[in-house]
Structures are given as C-alpha cells and as structure tokens.
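Taking it in order: structure first as structure tokens, then the write-up.
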Amino acid sequence: SLISQAVFNLLIPDHAADAFSPPRLGAGGPWDALLERLLGGLARWDGEHFLFIAEHGYLLEHNCAFLPLFPLSLRLVAALLPPPLPLQPRSRLLLSAALLNALLAALAAAALLRLGRAVLRNRRQAFLAALLFSVSPAGVFLAAAYSESAFACLAFGAMWRLEKGQGCLSGLLFSLAAAARANGLVNAGFALYSGARRFALQLQRGSAPSLWKQLLSLASSAALTCAGIFLPFALFQYYAYVRFCRPGAGLAQSVPEPLLQLARDKGYRVAGTAGAEPPWCSQRFPVVYSYIQDVYWNVGFLRYFELKQIPNFLLALPVTLLGSWAAWTYVSTNPRHCLTLGLERRKSEERGKVRDGFCGPAAFVYVVHSTALLLFGFSCMHVQVLTRFLGSSSPILYWFPAYLLQEHEPLLWSTGTDNPKSGKPLLGKSASSCGKETSDNPVVRLLLNWRLLTPLSKSILGFFLGYWLLGLILHCNFFPWT
C-alpha cells in the first residue's frame, strides 16, 4: 500500500478539494519535500486533522470529532524517532503515521486470525479471512494517517481476549478502542452479552448456587465494564468542555498567526478565545462530539437520503449487500438460536458437536454487532464511509466472504495440486519433493486461476481488490472516496 500510494500520488495530480488544509509553519527542507512526495497521499482528508491535532493539540473546535488515542500515539512515536534527519514536526508525524499503521495493521490481521480460530473453530476459514483483511476494501484507511488500524487492532484483540476468558485484559483493550473511535462504545455489548450468556448457561446446567448472588455479580461486573469502556470518551468530552466552554487561559495568544488567520477565514472556533459560548456548552450533558457531527457535517437520521447522494449510496452498495446477506444467511440457518438470542444451550453443544465456521453459534453476537453498525451507518451517517466503518470494526466483513469462498469455490475444495474441474495443475499451488503441499496462499491461488473461478468468487475478490486499488488511487489524490 505504501509503495502503491506513492506511485499514484506522483503520477496523478491532486484534486482541488474543499477539505481541511492548515498552513505549513516554517520552511521545509529537502527531506520534508521528499517525505511529502513519498507519503503525502497518506495525509488526505481526515488525515490532516489527525496530524494537526498531534502537532498543535485540540486547537479548533471541529478537531474534537477525532478522539485522542491515535494523535497521542503519533506524538509518542515521533518523539522516539532517531533525531539525525532534519525534519519539520509535521513530517516526523507523517512518517510516524506510516510506520505505526503498518505495524498496527499487521497486528490487527494477527488478532483477526486468532479471533477467527476461537469463534469459527475452522482454521482454514479463519486463515482465509485474515488474508482477505490484508486486501481489505478499506485498505487505504488502514495505511493512511487515520485511526482505523489502531481501532481494528484493539477491537479485534479485545474480542479475542474475551473469547479466551480474559475479561480484565479484554475490558482494557475495549476501553482503549473507545479512546480511538466513538463507535468503540458499542463494543460494550460484547462484554454484556458474554456475562449474560455465561449466567444463562449456568442456570440451564443448574449450577448457579444463588440466583440473586449471581444477578448481583453480573450487574456489578457489567456496570464496571461499561464504566471502563465509556470512561475515555467521557473524559475527553470533559476536556473539550474545559477547553472551549471555559476560556480565560489566554490560549489564543500563543497560537501562531497563520492558524488564527485560517480560523478567521473559515469561521473555526479557537480554544481559549473570548466570545459567545458554543451552544453545546449549555446542554445538560455537554457532548462536543455529537454537536460537531450535527453542525459541521450534518450527520443525523436519514439526513443523507437525498437524490444528489445517490452516487455515494452506490459506493456503499457492495458492503451493504454483503452485510445484509451475512445477516440473512446466519438467521435463516439458525432461526431458533437467533430467537433465543443465543442464550439457550443446544443439544448439539451438550453432546460436544457444535457447528463450526461462520454459521456456528459463537458467531451470533458478531453478526448482531455487524448488522447494528450497518443499520446505523446506512441511516445516520455519510453512507459512503460504511466500507471503512465496517472494515475496521467488524470481523463479519471478512468471515462471511471467507465462508462463501470456502463453501462455493471448487478450487478451494481440492487438497492436492490438480484443478478439480479439469485435472490440470493449478497455478499457485506447489508440492514438496515428498508430495506434500508446501505453504499455500489461497487468495493468491484464486487470483492466479482467475478464469476458473465461479462468478461469486470473482465478485467477492473483485470487490475487495477493486476497492483496495481505487482507494489508493482516489483517496491519495484528494478525490472523494469512502
């Protein structure tokens, strides 16, 4: 991704977009110019906000739509970079973003692999899903100066730890995820469901010693878990309240003049300035995040349902269809399990015979999570962001395509090196001198044998690779994308 975006950024002129573009402070040297040419495509759109926050703090009100974990991480990595290169602060932060997200994306893929093995109980399907994550349709945002990689790494890691029964570590990771992206608050549902399912199974086994004692323990555990997950978001709202609703520290006097001029030209509210109090400050529960989404970006229920937004709905159509199909497949395969919210212990579970793969009982809560995010994003958000919204939040976007490929693609059924249709050797499969198969990447194998694929497999891989490539071309040159 890093090499591809650099090539596309050099070959294609940037689009003149009406996006946040703060002035550069100080004269950049040759190293800064080189770094901008190589990595500048990673700092488009929201990437400018994250780099600006990491360099200057929460100076402008609308910066508060971006939570602090990722900017703080950029500042820390930039401070750890070796000093010899004479780079401006923004260039150091941009380099930090590229290095940090490369690491976090790899860790997110590893966490998704382990989570898939724990939930799906199908190693091949889990491995295929992790490979699909490496060519995610949201791939450009996993590489760019966005918080998607950090969030995916923390969220998938927390889910995996919860599946392993490590509640405290899982809660800590969920809390950190909520400090990276606001939709991390929804992840509290995983911890609540885990406790409810454990309690329900104890009741069905007749092993709960005291109903009231168990209920009290469950309620206290749920309250502590939710408090821990919501705490970073709540603390940040308080920080924003002190910074923008209680001016008086004279902060604006220390702001460089070019940034003040930018605020005057664009009508941005600057922290620490006197004047009319922002409207959200007088709310009973002052939450700057929802105010910015409402006023600055017009985010709200069905507000995006306009004729002029049809292209954006078409852009979100593939992930919408995929998420809806995943929910329908799971519900139609497990109607009773879904009606009982997965809290009833099946006879097959009692006998130790549990269906594995995507349609297994353990995937229920993940399907609910994915469907809830899909419905909320489709009805309340700028719909084109659905691809990266789900791509960094839900394992279902990778588990369900892996399930479809494994169930319906004959080239993945063969364990040998021959094409099951013609008996001819397959490209991308190798065998050792002893006749045993060596390391095999099923995604590469499918791509090398593209003409032999079923239409369904071509559609899935076309969506993943097409959006991965288009994202690099369009996003990195300031064209509108997801």
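In the neighborhood of Q5, defined by Cβ-to-Cβ distances under 14 Å, what is the net charge if each Lys or Arg adds +1 and each Asp or Glu adds -1? Numbers along the way, then the final one.
Details: positive: R37, R44; negative: D14, E36.
Around Q5, the charge tally is 0.
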**OP:** Report the dimensions of the chain along its three principal axes from the alpha-carbon atoms, largest first, rounded to Å.
**Re:** 70, 63, 51
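Based on the Cβ-Cβ distance of V242 and R336, what FRET efficiency does E = 1/(1 + (r/R0)^6) give at R0 = 35 Å, to the nearest 0.05? Before the final figure, lay out each step's value.
Working: r = 52 Å, r/R0 = 1.47.
For V242 and R336, the calculated efficiency is 0.10.
Counting only protein heavy atoms and using a 1.4 Å probe, what share of the accessible area of the chain belongs to carbon plus sulfur, as a whole percent? Don't skip to the answer; put the middle values down first.
On the way: 14600 of 22780 Å².
Reported share for carbon and sulfur atoms: 64 percent.
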**OP:** Calculate one ³J(HN,Hα) per residue across region 190-199 by plugging θ = phi - 60° into the Karplus curve 6.51 cos²θ - 1.76 cosθ + 1.60, and present them in order as whole Hz with x for glycine and proline.
**Re:** 5, 5, 5, 5, 4, x, 5, 5, 4, 5
**OP:** Please calculate how many Å² of accessible area the chain carries per residue, with a 1.4 Å probe and no DNA, RNA or ligand atoms counted.
**Re:** 47 Å²
Original post:
Where the centroid of each part is defined by its Cα atoms, how far is region 162-227 from region 8-26 in Å?
Top reply: 45 Å
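Using just the helices of the chain, give the 222 nm mean residue ellipticity in deg cm²/dmol: DSSP H runs with n ≥ 4 each add -39,500 (n - 2.57), and the total is spread over all residues, rounded to 500. Mind dumping the intermediate values first?
Values: 21 runs with 288 residues, N = 482.
Calculated at 222 nm, the ellipticity per residue is -19000 deg cm²/dmol.
In the chain, how many lysine pairs have Cα atoms under 20 Å apart, counting only pairs 8 or more places apart or on different chains?
On the way: K164/K353; K421/K429; K421/K458; K424/K436; K429/K458.
The result is 5.
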**OP:** Any chance you could check the Cα centroid distance between region 67-95 and region 360-399 for me, in angstrom?
**Re:** 32 Å
Original post:
Efficiency by 1/(1 + (r/R0)^6): what FRET value for F285 and F313, r their Cβ-Cβ distance, R0 = 51 Å, to the nearest 0.05?
Top reply: 0.95
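Determine the relative contact order of region 10-116: mean sequence separation of Cα pairs under 8 Å and six or more apart, normalised by residue count, in whole percent. Mind showing how you got there, number by number?
Details: 68 pairs, mean separation 33.0, N = 107.
Worked out over region 10-116, it gives 31 percent.
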Original post:
Points 7 angstrom from Cα along the Cβ direction at A17 and Q214: gap in nanometres?
Top reply: 5.3 nm
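Counting chymotrypsin sites (Phe, Trp or Tyr not before Pro) as exposed when in a DSSP loop with at most 14 other beta carbons within 10 Å, what is the longest stretch of the chain free of them? Show your work: numbers first, answer last.
On the way: sites that count: Y296, W297, F301, F305, W413.
So the longest stretch without any such site is 1-295.
Can you work out the FRET efficiency for the pair F305 and L81, with r the C-beta to C-beta distance and R0 = 30 Å, to the nearest 0.05? Don't jump to the answer; show the numbers that get you there.
Details: r = 46 Å, r/R0 = 1.53.
Taking R0 as 30 Å, the efficiency between F305 and L81 is 0.05.
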**OP:** Give the long-range amide H neighbours of F479: residues separated by 5 or more places, or on another chain, with amide H under 5 Å away, using H modelled in the peptide plane at 1.01 Å from N.
**Re:** H15
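The values are calculated or read from the model by the stated rules, or taken from the named source; none is laboratory data. From a predicted model like this one, the values you see are computed outputs, not experimental measurements. Heads up, the Cβs are rebuilt from the backbone with ideal geometry, glycines too, and the neighbour counts pull from every protein chain shown. Ligands, DNA and RNA are stripped out before the accessible areas are found, and what is left, the full protein with its side chains, is counted by its heavy atoms. Shrake-Rupley method; radii C 1.70, N 1.55, O 1.52, S 1.80 Å.
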